[in-house]
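> The structure follows.
The values are calculated or read from the model by the stated rules, or taken from the named source; none is laboratory data. The structure presented is a predicted model; accordingly, all values stated were derived computationally and were not measured. FYI the Cβ positions are ideal-geometry reconstructions off the backbone, even for glycines, and counts take in every protein chain you see. Protein only, heavy atoms only, side chains kept; ligands, DNA and RNA dropped before computing areas. Shrake-Rupley method; radii C 1.70, N 1.55, O 1.52, S 1.80 Å.
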Amino acid sequence: MRFLNKLGIEKINFGSSSGQKWNSTKTDGVLTISSPATGDLIATVYQASESDYEKIISRAQTAFQYWRKVPAPKRGEIVRQIGIRLREFKSYLGMLVSYEMGKSLQEGLGEVQEMIDICDFAVGQSRQLYGYTMASERPNHRMYDQYHPLGIVATISAFNFPVAVFSWNAMIAIVCGDVSIWKPSSKVPLSAIATQKIVAQVLKENNLPEGIFSLVIGKGSTLGERILNDKRIPLISITGSTKVGQHAAEAISRRFGKSILELGGNNAIIITPDADMKMAMPAIVFGAVGTCGQRCTSTRRLIIHESVYSKVKESLLKAYKSLKIGDPLDEKNHVGPLIDKEAVKMFVDALTKVKSEGGKVIYGGEILSGKGFESGCYVRPAIVEAKNEYEIVQTETFAPILYLIKYSGDIENAIEIHNGVVQGLSSSIFSNNLRDVEKFLSVEGSDCGIANVNIGTSGAEIGGAFGGEKETGGGRESGSDAWKAYMRRQTNTINFGTTLPLAQGIKFEI
């Protein structure tokens, strides 16, 4: 395909690079990458070895010694150029993301646009790595804080966002003076290879050393564990399941490293009696079926007031029946495939489980077959009437299953149901009742890291800090002041007087 050639994707690719240089190990296994859309082979990737990893780390350490001394606005200029180059390759990279992962072309292009947007944000941030000046209790003293780069920042990303999550971390880390190592999901390595080659062009044009941006594709059991336990990496950002995050957090904290954890979501939308259903319906449907339900911010639960429950259900059934499922590269389609057959099994098992607990599947749930569905990864998104206390409803299923949950009474009852799960990523309320909205946003309201009003749970802008609470991990990436996580904070006090007064009025004479 033309976009593969434009992005430099070969039939056979190598899995580690520190910039322009690619290691050529062939001894640690081969990844065979097929499109979930068609089942067709795209390319193969030789996985990196532990020896390759050591080369990557060594180059990154050397690069950091240089990069941390480059003025932050100059670092921002490199990120600006990366953003320009991503604009040039947006259509090709968006197609690859769509074809390799299975999300719709519009979502693939949107993911690359996220990369461009975070580059723009990071450029501005490069001139705003600010610290505060505090009043000292001692005369002739000035006290302030400042931020210094940490060193190597590793990003371990998941398959559902093959490129965007890397950019959220790497572009901010780079303007902060850190260097980046990226371990992408082994399910979608080609998008990462393409991104590395795009970034490498900018580094080459600016005569920058190897090791500022590095890529390592390999086994989680070997290279993944090396990253988690490597004291040379002070910060690791990890996107994945809660189980993965628990293991990673234990390993990283054991060596006193820092982590940003973006883990499971069990996101809900509350529909109050006076909700604007014309606004709510597209938000619900996109949130539930976008990326075939494989977003950490996908809408899993719909908490509906009993007075409008039947109306909402009827509207949902009508909307779901109009969904077009098929080739994600065809812009007419709304829903593409799940990532692989393992995900299909998880979808089927979840529906079996919810029925055994008393739930009722009122739409969808089938595995699709026949022309256009030969890969075996296509399913019909499901709508299920359920209760919040069901074990399967308490669990995040990374698939397009929407649970309808009825509530009665006032907004406090809806919020209690909403918060009654262990995850706390994204949340939403559709309401024109100011009191209900403010209650939802108050200290007594949503316990999630993201709380939206009259928009859905998915589709966050990069300008805000992204992340969640509880078993979602508590980390923050992307916008707002998330940049501070990629730096070490230092408090400085300067005595410009001629005497030495001590704090708290302590007297010490010698």
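> Full-extension gain between residue 509 and residue 50, please, as 0.36 nm times their residue separation minus the C-alpha to C-alpha distance.
159.5 nm
> What FRET efficiency would be calculated for the residue pair residue 91, residue 434, taking the C-beta separation as r and a Förster radius of 45 Å, to the nearest 0.05?
It comes to 0.55.
> Okay, next question. In square angstrom, what is the accessible area per residue of segment 261-304 with a 1.4 angstrom probe?
With the other protein chains kept in place, segment 261-304 gives 20 Å² per residue.
> Counting helices only, and only those DSSP H runs with n ≥ 4, report the 222 nm mean residue ellipticity of the chain as the sum of -39,500 (n - 2.57) divided by its residues, in deg cm²/dmol to the nearest 500.
When only DSSP H runs of four or more count, the value is -11500 deg cm²/dmol.
> Suppose each label sits 7 Å from its Cα in the direction of the beta carbon; what would the residue 137-residue 256 distance come out to in nanometres?
The modelled label-to-label distance comes out at 2.8 nm.
> Could you give the dipole magnitude of the chain about its Cα centre, charging the beta-carbon of Lys and Arg +1 and that of Asp and Glu -1, in debye to the nearest 20?
1260
> Still on this structure: Under 18 Å from the Cα of residue 26, which aspartates and glutamates turn up, not counting those fewer than eight places away in the same chain?
Within reach: 10, 50, 52, 54.
> Counting Lys and Arg as +1 and Asp and Glu as -1, what is the net charge of the other residues whose Cβ lies under 12 Å from the Cβ of residue 3?
Cβ neighbours under 12 Å give a net charge of +2.
> Can you pull out the trypsin sites (Lys or Arg not before Pro) in segment 9-117 whose DSSP state is coil and whose Cβ has at most 13 other Cβ atoms within 10 Å?
Listed in order of number, the matching sites are 11, 26, 69.
> What's the local net charge at residue 154, with K and R +1, D and E -1, over the other residues with C-beta under 9 Å away?
Net charge around residue 154: 0.
> Taking all protein chains in place and a 1.4 Å probe, what share, in percent, of the accessible surface of the chain do carbon and sulfur account for?
Of the solvent-accessible surface of the chain, carbon and sulfur hold 51 percent.
> If packing is taken as the average number of other Cβ atoms within 10 Å across a peptide's residues, how do 204-215, 319-330 rank, most packed first?
Listed from highest to lowest mean packing, they are 204-215, 319-330.
> Past the 26 Å Cα-Cα mark, which pairs from 55/231; 103/258; 69/219; 187/387; 90/341?
Check vs 26 Å cut-off fails for 103/258; 69/219; 187/387; 90/341.
> Hey, can you find the accessible area per residue of segment 343-470 for me, probe 1.4 Å, expressed in square angstrom?
44
> Ignoring ligands, DNA and RNA, what accessible area per residue does segment 60-176 give at 1.4 Å, in Å²?
Accessible area per residue: 36 Å².
> Give the aspartates and glutamates whose C-alpha is closer than 20 Å to that of residue 204, dropping any in the same chain fewer than 8 places away, or say none.
Reachable aspartates and glutamates: 77, 88, 178.
> Sort 317, 105, 500 by accessible area with a 1.4 Å probe, largest first.
Descending accessible area places them as 500, 317, 105.
> Next question. Evaluate the charge dipole of segment 270-425 about its Cα centre and quote only its size in Debye, nearest 20, assuming +1 on the Cβ of each Lys and Arg and -1 on the Cβ of each Asp and Glu.
In debye, rounded to 20, segment 270-425 gives about 480.
> Where in the chain are the DSSP H helices whose alpha-carbon span along the long axis reaches 24 Å or more and whose Kyte-Doolittle mean is at least 0.0?
Helices meeting the span and hydropathy rule in the chain are 105-125, 189-205.
> What does the highest-first list of 370-376, 337-343, 354-360 look like by mean Cβ count within 10 Å?
337-343, 354-360, 370-376
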